[in-house]
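The values are calculated or read from the model by the stated rules, or taken from the named source; none is laboratory data. In this text the structure is predicted, and so the values were computed from the model without any measurement. In this analysis, Cβ positions are derived from the backbone assuming ideal geometry, glycine residues included, and neighbour counts consider all displayed protein chains. For accessibility, only protein heavy atoms count, side chains too; no ligands or nucleic acids. Shrake-Rupley method; radii C 1.70, N 1.55, O 1.52, S 1.80 Å.
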Amino acid sequence: MITVRFPDGATRDFAAGTTGTTVVEQISKSLAKATVAMKIDGVMKDLSEPVPDGALIAFVKRDDDEALDMIRHDAAHVMAEAVQELWPDTQVTIGPSIENGFYYDFYRKTPFSEDDLRRIEKKMAEIVQRGCAFTKEVWTRDEAIKVFKAKGETFKVELISAIPEDQPINIYKQGQWFDLCRGPHMRTTKDVGTAFKLTKVAGAYWRGDSNREVLSRIYGTAWASKDDLDKYLTMMEEAEKRDHRKIGRELDLFHLQDEAPGSVFWHPKGYMIWRQLEGYIRRRLDDDGYVEVKTPQLIDNKLWEQSGHWGKFRENMFVVPDEVPSTEDDEHIITGEGNLMALKPMNCPAHVQIFKQGIKSYRDLPIRMAEFGCCHRNEAHGALHGLMRVRQMTQDDAHIFCTDEQVTDETKRFLALFARVYGDMGLTNIKYKLATRPEIRAGDDATWDRAEKSLADALHASGIEFEYSPGEGAFYGPKLEFHLTDAIGRSWQCGTYQLDYVLPDRLDATYVAEDGSRKRPVMLHRAVFGTFERFIGIMIENYAGRMPVWLSPVQAVVATIVSDADAYAEKLVADLKAKRLRVELDARNEKINYKVREHSTQKIPLIFVVGKREAEEGTVSVRRLGEDGQKIMTAAEAIAMLAEESIPPDLR
RNA sequence: GCCGGUAUAGCUCAGUUGGUAGAGCACCUGAUUUGUAAUCAGGGGGUCGGGGGUUCGAGUCCCUCUGCCGGCACCA
């Protein structure tokens with residue numbers, strides 16, 4: 001006999017070896033019908049597993065949130081079976097559930113195309129309809145390798161071989177088809193349901209290694225109900241409307257063109273957002289003890305060799321010959337036989353040069369050296385993405401030169417600055433990651449231990465929840481990464497904070513310590529926004545183009561109803577402009593409906609409508625973006641209101 | 001860089017089995033003086049991404065380059 005405990009505190013006895021299926025059936029037929037899996041002491045299990053003595057058992061129904069992951073995972077299996085049924089020469093590799101859905105990576109001579117997706121979906125529906133039970137078998141390693149080898153599944157063989165000796169080889173069958181899988185699964189393929197859709201095909205490297213085979217990945221989304229699926233698809237459609245590339249064009253903020261891939265042409269309106277952000281962050285840095293500098297774009301490659309960038313980063317650098325080109329014969333210049341210079345891909349070596357001018361004392365530290373540094377990186381072309389990933393970028397960069405003892409305080413100080421800025425920007429949903437030592441790195445383990453601990457300590461002290469990114473640190477030190485998501489949920493790193501014990505050494509930066517000896521400063525690389533480009537992209541998507549008033553390129557439009565109000569409107573605009581408010585006049589011969597519509601679609605926060613009545617009474621009819629109706633106020637009140645709302649958050 | 005897709009007017013898109021390009025919006029002109037999300041009429045605008053090929057004939061088929069889109073890899 002075994003005793004089983006239930007979440008409500010009840011207990012019940014069953015014969016030893018009783019499965020979850022039997023337990024739930026004995027409790028309630030209707031519950032059994034809805035149940036697709038169980039949790040044993042909090043861990044998801046197949047319903048067909050025997051229940052251990054004394055276990056706490058909870059049943060998971062198909063429409064529980066916890067089942068969603070299984071629906072997706074099972075859908076991946078069903079898709080893999082469908083694909084192999086349609087194209088038997090296809091090899092399966094791995095297929096996990098992911099946020100909102102699942103994927104499966106296949107290996108095939110000719111990759112899948114979008115057209116294949118509908119065929120696969122049909123076949124999947126068939127397999128779901130068949131409703132074969134998922135059954136688990138535990139195989140021996142040799143057996144598993146033999147079987148998959150015989151099937152020609154070389155990728156699976158590699159996976160099996162990589163499973164540690166002490167772990168079982170689980171095989172899940174669904175009818176004739178089977179797959180290596182950790183599990184758990186639901187009862188039958190029928191539990192997958194019909195609320196799924198294959199969304200895209202993509203190439204993906206086997207084991208994420210760009211030196212290995214390219215697999216054909218099929219992505220799908222799956223939900224508990226058709227309703228949820230439709231809701232999700234609609235939501236994605238809506239989200240795509242927030243795409244900064246689309247809004248950037250619609251609101252005339254910036255453009256990109258073929259002749260300058262990855263470099264942004266900022267239009268007046270887009271650059272106004274930039275200017276406001278730059279002014280804001282500059283004041284924040286001034287207040288936080290930073291000094292601002294400006295350093296060269298083009299620097300001799302000798303410095304890059306010394307800094308180590310030439311060796312590690314050269315592929316990403318734009319290299320320029322340091323010669324006057326001859327119109328007749330520029331061949332040798334292109335081949336780079338003369339002296340070479342490079343556009344800076346980062347500002348750090350230049351800042352070290354400023355640090356090194358003269359002699360620095362421990363009394364001078366910390367030095368917080370900021371630069372809105374324009375950098376160029378020759379990114380892989382497939383990586384370019386609107387404002388989010390560009391080749392010419394401007395960072396709100398700074399380097400803090402300090403002593404080892406000052407690192408923790410500086411980190412806390414930075415975290416406070418970061419939190420204040422993102423709070424001011426109205427950005428929430430920031431993911432904090434602590435990226436730790438990579439395999440290839442400089443410095444000894446003791447230094448890494450200390451550095452990683454100091455970052456973790458500062459995060460804890462600041463009460464910030466974070467996750468680790470093992471092995472993702474820079475080669476010279478650990479990093480804090482600050483991630484935000486775009487409209488459709490892709491994650492982008494914006495801010496960064498990095499400890500560096502290497503560069504000061506390579507570039508021979510020293511300060512005079514208390515005892516008169518020469519010591520190496522620690523260098524902290526940090527950026528709050530990250531780059532203006534990406535940050536503005538994130539802001540556009542976060543606000544769907546409806547920027548806060550202080551950031552809006554045009555804060556208000558004064559729109560006339562009749563030409564009799566023109567003079568009054570002109571005076572109003574002049575008064576607003578005198579307060580440095582960004583306003584425009586719309587005195588076109590158009591209906592007010594037309595003007596309101598146009599300025600609303602242009603996401604102008606406020607429309608000041610003036611007609612005959614307002615001109616006579618000295619008032620303004622104020623219409624706020626996103627609100628119905630309007631408010632009548634005196635011109636002076638309207639001006640004061642806009643002036644108040646236009647104050648940047650740090651000056652309030 | 002890799003895999004798949006894609007490129008027609010400023011934007012969004014049509015363009016049948018190859019027979020020398022269309023719509024809506026935008027723009028320009030004229031009329032309309034209008035009360036809170038599109039007034040009416042007329043007009044201009046495209047060597048169909050670049051190059052090469054097949055063909056009597058290519059926006060349509062093939063090759064190639066480039067950009068862009070979705071992933072992967074790389075990264076702020």
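Residues in region A:106-130 that are within 16 Å of RNA strand B (Cβ to nearest atom) and open to solvent by 40 Å² or more (accessible area, probe 1.4 Å): 9 in all.
Taken as a whole, region A:237-244 holds no residue that is part of a strand (DSSP E or B), within 16 Å of RNA strand B (Cβ to nearest atom) and either of a type outside the set (Lys, Arg) or over 23 Å from the mean Cα position of the chain (by Cα) (or both). Considering only residues of region A:89-130 that are among the aliphatic types (A, V, I, L, M) and assigned to a strand (DSSP E or B), which is nearest to the chain's Cα centre (by Cα)? If we take residues in region A:89-130 being among the aliphatic types (A, V, I, L, M) and assigned to a strand (DSSP E or B), then A:Ile98 is nearest to the chain's Cα centre (by Cα).
Helices (runs of 4 or more DSSP H) fully within region A:569-652 that include at least 3 residues being open to solvent by 60 Å² or more (accessible area, probe 1.4 Å) and away from RNA strand B (no atom under 14 Å from the Cβ): A:635-645.
Candidates in region A:514-548 are the residues that are open to solvent by 10 Å² or more (accessible area, probe 1.4 Å) and of a type in the set (A, V, I, L, M, F, W, C); of these, the one that is farthest from RNA strand B (Cβ to nearest atom) is A:Met547. Taken over region A:480-494, the residue count meeting the criterion of being near RNA strand B (Cβ under 7 Å from one of its atoms) and more than 16 Å from A:Tyr543 (Cβ to Cβ) is 3.
You will find that of A:Asp46, A:Asp41, the residue that is surrounded by 18 or more Cβ atoms within 10 Å (Cβ to Cβ), over 29 Å from A:Lys231 (Cβ atoms) and touching a Pro at 6+ places or on another chain (Cβ under 9 Å) is A:Asp46 and no other. Just so you know, in region A:415-453 the residues that are among the small types (Gly, Ala, Ser) and open to solvent by 20 Å² or more (accessible area, probe 1.4 Å) include one that is farthest from A:Ile540 (Cα to Cα), and it is A:Ala446. Would region A:231-246 turn up any residue that is without any contact (Cβ under 8 Å) to a residue 40 or more places away in the chain, on the phi > 0 side of the Ramachandran plot and basic (Lys, Arg)? No, because not a single residue in region A:231-246 is without any contact (Cβ under 8 Å) to a residue 40 or more places away in the chain, on the phi > 0 side of the Ramachandran plot and basic (Lys, Arg).
Taking region A:252-278 as the range and being open to solvent by less than 30 Å² (accessible area, probe 1.4 Å), more than 12 Å from RNA strand B (Cβ to nearest atom) and within 18 Å of A:Gly386 (Cα to Cα) as the test, the residues that pass are A:Leu253, A:Phe254, A:Gly270, A:Ile273, A:Trp274. For the structure I just gave you, tell me whether A:Arg217 is within 12 Å of RNA strand B (Cβ to nearest atom), outside any helix (DSSP H, G or I), free of Cβ contacts under 8 Å to residues at least 60 places away in the same chain and under 30 Å from A:Val157 (Cα atoms). Spelling it out, it is not the case that A:Arg217 is within 12 Å of RNA strand B (Cβ to nearest atom), outside any helix (DSSP H, G or I), free of Cβ contacts under 8 Å to residues at least 60 places away in the same chain and under 30 Å from A:Val157 (Cα atoms).
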